[in-house]
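Read through the structure below, which is laid out as structure tokens, and then see the notes.
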Amino acid sequence: MLFREHRFKFFAGAETHLFTIEELVSGLAVWPHSFRLRLPATSRFEAKTFYGASCYEAAKKAADYIAGNSGQPGIDRATHLSQGPPAPPRQPLQIQEQE
């Protein structure tokens, strides 16, 4: 199997989470969508895997899961860094793709 990785930073208030999303480029994996994000188990969260039709969709699902379990409101937007400089974190939650 061949994977491409996409990296995102997710800001939840004062906390920063780093997401690595795998894109299935070729191979015989049985995934419901082309993009997968696996969150490891922590003291606050159980291990979970999120799938999406795009890397942003997978990142948003994971961010919503973390926000829902930490009492933070949902994601308002995702920022792609190659489209220009990131906006200052005005909202409680924000996702940024890393190059």
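With each label point set 7 Å from Cα along the Cα-Cβ vector, what nm distance links THR49 and VAL25?
My value for the distance between the label points is 2.1 nm.
Give the calculated FRET efficiency between LEU2 and ASN69 to the nearest 0.05, with a Förster radius of 41 Å applied to their Cβ-Cβ distance.
0.80
Where a number appears in this text, it was derived from the coordinates with a stated rule and is not lab data. Since the model is a prediction, treat every value here as computed from it, not as a measurement. Counting neighbours? That spans all protein chains shown, and the Cβs are built from the backbone with ideal geometry, glycine included.
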